[in-house]
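First comes the structure, then the notes that go with it.
The values are calculated or read from the model by the stated rules, or taken from the named source; none is laboratory data. Keep in mind that this is a model prediction, so the values were computed, not measured. Cβ placement follows ideal geometry from the backbone for every residue including glycine, while neighbour counts extend to all protein chains displayed. We work out accessible area using only protein heavy atoms, side chains counted, and drop any ligands, DNA or RNA first. Shrake-Rupley method; radii C 1.70, N 1.55, O 1.52, S 1.80 Å.
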Amino acid sequence: MAEPLVLGVESSCDETGIGLVRGTTLLANAVASSVDQHARFGGVVPEVASRAHLEAMVPTIQRACTEAGVTLDQVDAVAVTAGPGLAGALLVGVAAAKSLALGLGVPLYGVNHLGAHVAVDVLDHGPLPEPMMALLVSGGHTNLLHVPDITSDIRSLGQTIDDAAGEAYDKVARVLGLPYPGGPHIDRAARDGDPTAIRFPRGLTSRKDMDRHRYDFSFSGLKSSVVRWVQARERAGEPVPVADVAASFQEAVVDVLTAKAVLACTEHGVMDLQLGGGVAANNRLRELLEERCAEAGIRLRVPRRDLCTDNGAMVAALGSLLIAKGHEPSPLDIPADSSQPVGQIRPLAQVGA
Ligand code: KG4
Ligand code: ZN
C-alpha cells in the first residue's frame with residue numbers, strides 16, 4: 001500500500017500553513033503570513049492574526065493541493081497544531097482541520113506545535129536520531145527539549161522565563177530604529193559591528209542561576225540593559241553605534257543559547273542536536289553553534305529555512321510519524337489549547353468525552 005497522504009494545518013501564530021506530506025516526503029508547503037499587518041504594532045496582534053487566518057485558510061489549502069498535484073479526496077489523514085499558541089488563531093486551524101477530517105471521512109491527529117518543529121527535519125535530513133536534543137528559537141518560543149521519541153516522549157529541559165529570543169531581537173531592533181521583524185536587520189547590522197564593543201549581560205548564567213535555571217533562558221534583562229545603554233548615549237547627545245550595539249546584543253543572545261544547548265547535550269550524553277524556529281536563520285547563531293558542537297563532538301541538524309519557520313509541513317510530518325508508529329487518531333472534539341504543555345504531544349480529549 002502507498003504511504004498515507006497527510007495534510008497538516010498550522011495557525012498558532014501569524015502564519016497560515018498548509019503542508020502535504022506522503023510518508024516522509026514533502027509534496028507541498030504553502031504559507032500565508034500576516035506579518036506585514038503586525039509591523040506597525042511591533043509585534044503580533046492576536047485579533048489581527050485570527051482574522052488573517054480565516055481569510056487565508058481556504059486559499060492556502062487550495063494552493064498546497066495545486067503545488068502537490070493532488071486533490072483533497074486523495075488525503076488520507078489531517079494533522080493540526082492544537083497548541084500551544086494564540087487561542088483565537090489556533091481555533092481557526094483546529095476548526096478547519098476538523099471540518100476537513102469530517103467532510104473527507106479521514107482521521108484527525110491533533111499535535112503539539114513544538115513537537116512539529118522537531119519532527120519537520122525528517123523531511124529534510126531523514127529519520128530523526130533517537131534520542132535527540134532540540135533548541136527551538138523563534139518570536140514565540142525558546143525551548144530546550146530532550147526527545148527520546150518524537151511520537152511519545154518529549155521532555156522539556158528549559159525555556160525562557162520571560163521574553164522569547166526572537167522577541168528580544170524584535171524589541172532591540174525597535175530601539176535601534178530598525179524595522180519589524182527585527183531579527184534579520186540586527187543580523188545584517190551586526191556583520192559590521194564589534195561583538196566585544198559592549199559587554200551586555202548573559203541571562204541566567206551566574207552560579208546561583210545555573211543551580212536553579214540550568215537550561216532556562218532570560219532575555220528581558222539583556223533587552224533592558226541595551227535600552228538603558230542606548231538611552232544614555234542619546235541623553236549625552238552622542239551618536240548610537242548601531243552596528244556595535246547589534247553585534248554585542250546578538251553575541252549575548254547566541255552565547256547563552258549555544259552554551260546551554262551544548263551543556264544539555266553533554267550532560268545527558270545525547271550527541272545529536274537540532275536547531276529550529278525563525279531565529280535559526282541567524283548567521284551568528286549558526287556559526288557559533290556549529291563551532292561549539294564540533295568542539296564537543298555533537299552532530300548538528302538544521303532544517304532548511306522555510307521548514308524552520310512556522311509551516312504546515314511540520315505538522316503533517318509529525319502526523320505522518322504518529323501514523324507510522326500506529327498511534328490512535330484524536331477524537332473530533334479536541335480543544336485548541338493555547339498553553340498545551342511541551343511534553344503533551346497530543347491534545348487531551350475534552351473532559352467527559
Ligand atoms: O518562527 P518564526 O517565523 O515565527 C514565530 O515567532 O513563531 O520566527 C520569527 C522570529 C522573529 O522574532 C524574527 O525577528 C526572528 O524570528 N528572526 C531572526 C532572524 N530571522 C528571523 N532573528 C535573528 N536573526 C535572523 N536572521
Ligand atoms: Zn513556531
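Among the residues of the stretch 133-162, those identified as touching a helix residue (DSSP H, G or I) at 6+ places or on another chain (Cβ under 8 Å) and over 23 Å from R304 (Cα atoms) are L157, G158, D162.
Quick one: how many residues across the stretch 131-166 are more than 16 Å from ligand 1 (Cβ to nearest atom), within 29 Å of P184 (Cα to Cα) and outside any strand (DSSP E or B)? The qualifying residues number 1. Once the stretch 111-122 is narrowed to residues that are outside any helix (DSSP H, G or I) and among the β-branched types (V, I, T), the residue that is farthest from ligand 2 (Cβ to nearest atom) is V111. Filtering the stretch 287-319 to residues that are among the β-branched types (V, I, T) and away from ligand 2 (no atom under 16 Å from the Cβ) leaves only I298. If you take the residues of the stretch 320-343 that are surrounded by 14 or more Cβ atoms within 10 Å (Cβ to Cβ) and within 16 Å of ligand 2 (Cβ to nearest atom), which of them is modelled with the lowest pLDDT? Only one residue fits best here, namely V342. Residues considered: V270, V254. Of these, the only one that is away from ligand 1 (no atom under 14 Å from the Cβ) and open to solvent by less than 10 Å² (accessible area, probe 1.4 Å) is V270. Regarding G166, is this residue touching a Pro at 6+ places or on another chain (Cβ under 9 Å), small (G, A, S) and within 25 Å of V45 (Cβ to Cβ)? Yes; evaluated as a whole, the condition is true for this residue. Pull up the stretch 285-319, narrow it to residues that are of a type in the set (K, R) and under 17 Å from the mean Cα position of the chain (by Cα), then point me to the one that is farthest from S138 (Cα to Cα). That would be R301.
Residue pairs whose Cβ atoms lie under 7 Å apart, sitting 6 or more positions apart in sequence or on different chains, and linking a residue in the stretch 269-292 that is among the basic types (K, R) to a partner that is outside any helix (DSSP H, G or I), are R286/V302.
Do you know which of the residues in the stretch 181-214 that are over 14 Å from F249 (Cβ atoms) and surrounded by 21 or more Cβ atoms within 10 Å (Cβ to Cβ) is modelled with the highest pLDDT? Restricting to residues being over 14 Å from F249 (Cβ atoms) and surrounded by 21 or more Cβ atoms within 10 Å (Cβ to Cβ), the top hit is L204.
When residues in the stretch 244-286 are screened for being more than 24 Å from S220 (Cα to Cα) and away from ligand 2 (no atom under 16 Å from the Cβ), 9 of them pass. Of the residues making up the stretch 1-24, those that are open to solvent by 10 Å² or more (accessible area, probe 1.4 Å) and either over 19 Å from S339 (Cα atoms) or away from ligand 2 (no atom under 16 Å from the Cβ) (or both) are M1, A2, E3, P4, R22, T24.
Mind checking which residues of the stretch 132-174 are among the charged types (D, E, K, R) and within 13 Å of ligand 2 (Cβ to nearest atom)? Don't jump to the end; show me each part of the working.
So the first thing to find is which residues in the stretch 132-174 are among the charged types (D, E, K, R), and the list is 149, 153, 155, 162-163, 167, 170-171, 174.
Scanning the stretch 132-174 gives a single hit, E167.
Among the residues of the stretch 283-301, those identified as open to solvent by less than 30 Å² (accessible area, probe 1.4 Å) and within 16 Å of ligand 1 (Cβ to nearest atom) are L285, L288, L289. Within the stretch 164-171, can one find any residue that is over 16 Å from the mean Cα position of the chain (by Cα), farther than 20 Å from V254 by Cα and modelled with pLDDT of 95 or more? Checking the stretch 164-171: not a single residue is over 16 Å from the mean Cα position of the chain (by Cα), farther than 20 Å from V254 by Cα and modelled with pLDDT of 95 or more.
For the stretch 228-251, the tally of residues that are charged (D, E, K, R) and open to solvent by less than 40 Å² (accessible area, probe 1.4 Å) stands at 1.
Only residues that are more than 16 Å from L222 (Cα to Cα) and either touching a Leu at 6+ places or on another chain (Cβ under 8 Å) or not small (G, A, S) (or both) were counted in the stretch 183-202, giving 8. Looking across the stretch 165-214, the residues that are among the β-branched types (V, I, T) and closer than 21 Å to E287 by Cβ come down to V172, I186, T196, I198, T205.
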